[in-house]
Amino acid sequence: MKYCIENINNSNYLSKDYLRIKQNKKNAIEKIKYLDDKKRAILGEQLLIKGLYKYYNVNYDDVNIRLNKNGKPYISDEKYQHIKFNISHSHDYSICAFSSNEIGVDIEKIRKVDIKTINQFATTNEINYILSSENQVLRRLFTIYTLKESYFKMLGDNLNNIKNIEFTINGDIISCSDPKTKFNIINTIDGYVISICERI
């Protein structure tokens, strides 16, 4: 598992890399209403360009990127089937994660939310975990949520069955009801939670 992450405020989102972004992706970006959302989308693609070259010595211009039925991008060229990637963004950051296995990544800024939202995505055991530490409720909420989001992004699926997967966190150990997965939680950016899921 490898990744590139960057703050949109530290990036020249109209750099020469923007000119290289594939036309269908540019068309989608142009339809985005808000400037910061556009910046995040552009930066995500710039990180893909950077990571392909940095980690695989592959030129972005040489790969064909398609979308599955749920909108997950993937490289369709047989020559590059060993490269899997996924992009996520939240507030000031965009991240692109890479692996030789199917991968999903989710980043979320920790922020105040209606605590009742946990009923929409968390199982009873996960709710007990989230609420069991009064000063860590929001961090735990976003940790469980990003784990689930990264899992379904790894599958290339939607979140309709979000309660069918369950996570148990004990210190640094993450257990998932789907044993054919592994997870990493990245807490190196203050105020954000990043979860990465890989198929094993």
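What to note about this one:
- Selected residue (criterion: nearest to residue 125 (Cα to Cα)) from residues of the range 150-193 that are β-branched (Val, Ile, Thr) and in contact with a helix residue (DSSP H, G or I) (Cβ under 8 Å, 6 or more places away or on another chain): 168
- The single condition among (1) surrounded by fewer than 17 Cβ atoms within 10 Å (Cβ to Cβ); (2) touching a Lys or Arg at 6+ places or on another chain (Cβ under 8 Å); (3) more than 24 Å from residue 159 (Cα to Cα) that residue 20 does not meet is (2).
- The listed residues are 125, 101, 158, and the only one of them that is part of a loop (DSSP other than H, G, I, E, B) and either in contact with a strand residue (DSSP E or B) (Cβ under 8 Å, 6 or more places away or on another chain) or of a type in the set (Phe, Trp, Tyr) (or both) turns out to be 101.
- Residues in the range 1-44 that are within 20 Å of residue 64 (Cα to Cα) and in a loop (DSSP other than H, G, I, E, B): 2 in all.
- Against the test of being out of contact with any His (no Cβ under 8 Å at 6 or more places or on another chain), buried (at least 18 other Cβ atoms within 10 Å of the Cβ) and among the basic types (Lys, Arg), the options 140, 66 yield a single qualifying residue, 140.
- Which listed residue is assigned to a strand (DSSP E or B) and more than 14 Å from the chain's Cα centre (by Cα), from 88, 175: 175
- Scanning the range 104-122 for residues that are among the β-branched types (Val, Ile, Thr), out of contact with any helix residue (DSSP H, G or I) (no Cβ under 6 Å at 6 or more places or on another chain) and either modelled with pLDDT of 95 or more or part of a loop (DSSP other than H, G, I, E, B) (or both) returns 107, 113.
- Among (1) touching a Gly at 6+ places or on another chain (Cβ under 7 Å); (2) part of a helix (DSSP H, G or I) - the single one residue 96 does not satisfy: (2)
- Residues of the range 48-85 classified as out of contact with any Pro (no Cβ under 8 Å at 6 or more places or on another chain) and part of a strand (DSSP E or B), total: 4
The values are calculated or read from the model by the stated rules, or taken from the named source; none is laboratory data. Owing to the predicted nature of the structure, the values given are computational and were not obtained by experimental measurement. All Cβ positions, even for glycine, are placed from backbone atoms using ideal geometry, and neighbour counts span all protein chains on display.
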